[in-house]
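Undergrad: Have a look at the structure that comes next, please.
The values are calculated or read from the model by the stated rules, or taken from the named source; none is laboratory data. These figures come from a predicted structure and were not determined experimentally. Here the Cβ positions follow ideal geometry from the backbone for every residue, glycine too, while neighbour counts run over all protein chains shown. Accessible surface areas use protein heavy atoms only, side chains included; no ligands, DNA or RNA. Shrake-Rupley method; radii C 1.70, N 1.55, O 1.52, S 1.80 Å.
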Amino acid sequence: SQTIHQWPATLVQPVGSPLSLECTVEGTSNPNLYWYRQAAGRGLQLLFYSVGIGQISSEVPQNLSASRPQDRQFILSSKKLLLSDSGFYLCAWSMPAPGGYTEAFFGQGTRLTVV
Amino acid sequence: GDSVTQMEGPVTLSEEAFLTINCTYTATGYPSLFWYVQYPGEGLQLLLKATKADDKGSNKGFEATYRKETTSFHLEKGSVQVSDSAVYFCALSIIQGAQKLVFGQGTRLTINP
């Protein structure tokens, strides 16, 4: 069966420090991978998605970047965190389904607080 | 663009009450529709889905029907329990380079015993 691992679960970082959040998927190949952010009291905003190794699409301009160095590994990074980067970050995966739609499966999330 | 609008929360009900959480969408084409649930401190779990008009998704006593004519996908449950307390997200699936989920803002539901 497929599983998704996301870590760390919580993180407190000072303004201006770097960030690296990691997500790995097991039990599947060539998944689509996603990073979402959930700000306090708000919905989920898609930040990045990837359809393959080294292929990253950004949905919104921001202080963050993403990389996919391996098929089932997705990393969210920042060189210098801002207060506004605080939130709950969720990694997700789905299977490509040309002409159809499949659900996405989410990790447990990382709560990031920038202080 | 494609979007999802959900009923404003928070919603507070007593145990065994009837629940409706409204969801409407705007989309080009015919998206699939989903309800996800988020329990405190956790990621999202798929609750139910519907892939075409008039389909009814159901799970754990929750139901939602894909209504193309009203572009709606309202979530209902006949008798809620304290354990249903969570945040509920309505979402649609689109294909734009890759499959993407577009979420509503979420509705926080609290059930009191």
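Undergrad: Report the semi-axes of the equivalent ellipsoid for region B:62-101 in whole Å, largest first, where each axis is √(5λ) for an eigenvalue λ of the Cα gyration tensor. Can you show the working numbers first?
TA: Numbers: eigenvalues 131, 48, 7 Å².
The three semi-axes for region B:62-101 are 26, 15, 6 Å.
Undergrad: Working out 0.36 nm times the residue gap between A:Ala9 and A:Gln62, then minus their Cα-Cα distance, what length gain in nm do you get to one decimal? Walk me through the numbers before you get to the answer.
TA: Working: separation 53, 0.36 × 53 = 19.08 nm, distance 2.22 nm.
Full extension from A:Ala9 to A:Gln62 adds 16.9 nm.
Undergrad: Enter the accessible area of B:Lys52 (Å², nearest 10), with the probe set to 1.4 Å and all protein chains included.
TA: Solvent-accessible area, nearest 10 Å²: 120 Å².
Undergrad: Looking at region A:76-115, I'd like the Rg to Rh ratio, where Rg is from alpha-carbon atoms and Rh is Kirkwood's inverse mean 1/r.
TA: Details: Rg = 14.4 Å, Rh = 12.4 Å.
Ratio of gyration radius to Kirkwood radius for region A:76-115: 1.16.
Undergrad: For chain B, modelled as a Gaussian network with Cα springs under 10 Å, which listed residue fluctuates most, B:Glu16, B:Glu42, B:Glu63?
TA: Greatest mean-square fluctuation among the candidates belongs to B:Glu42.
Undergrad: Counting only protein heavy atoms and rolling a 1.4 Å probe, how much accessible area do A and B lose on contact, total for both sides, in Å² to 100?
TA: Numbers: alone 6350 and 6090 Å², together 10650 Å².
Interface area, both chains combined: 1800 Å², rounded to the nearest 100.
Undergrad: Suppose R0 equals 22 Å; then what is the FRET efficiency for B:Tyr39 and A:Ala97 from their Cβ-Cβ distance, rounded to the nearest 0.05? Provide the component values of the computation, followed by the final result.
TA: Details: r = 27 Å, r/R0 = 1.24.
Efficiency at R0 = 22 Å is approximately 0.20.
Undergrad: Round to a whole number: what % of the accessible area of region A:1-68 belongs to carbon and sulfur, probe 1.4 Å?
TA: 50 percent
Undergrad: A further question follows. Express in % the proportion of alpha carbon pairs of chain A at distances exceeding 18 Å. Intermediate results must be reported in sequence, preceding the final value.
TA: Values: 3080 of 6555 pairs.
Value for chain A (Cα pairs over 18 Å): 47 percent.
Undergrad: Using the Cα atoms as the points, what is the convex hull volume per residue of the protein assembly as shown in Å³? Display every interim value, and only then the final one.
TA: Details: hull volume 28.0 nm³, N = 228.
Each residue corresponds to 123 Å³ of Cα convex hull volume.
Undergrad: Let me ask something else about it. Treating the beta-carbon of each Lys and Arg as +1 and of each Asp and Glu as -1, no other charges, what is the dipole magnitude of chain B about its Cα centre, to the nearest 20 debye?
TA: On the way: 9 positive and 11 negative charges, 61 e Å.
Result for chain B is approximately 300 debye, rounded to the nearest 20.
Undergrad: Given the whole protein assembly as supplied and a 1.4 Å probe, what does the accessible area of A:Trp7 come to in Å², nearest 10?
TA: 110 Å²
Undergrad: While we're on this one: For A:Gln55, put the label point 7 Å out on the Cα→Cβ axis and report which residues of region B:69-113 keep their amide N under 13 Å from it.
TA: B:96-99
Undergrad: Would you mind telling me the share, in percent, of accessible area of chain B contributed by carbon and sulfur at probe 1.4 angstrom? Let's see the in-between values first.
TA: Details: 2470 of 5190 Å².
Carbon plus sulfur share of accessible area: 48 percent.
Undergrad: Set the Förster distance to 45 Å, then compute FRET efficiency between B:Val11 and A:Ser29 from the Cβ-Cβ distance, nearest 0.05.
TA: On the way: r = 41 Å, r/R0 = 0.90.
The calculated FRET efficiency here is 0.65.
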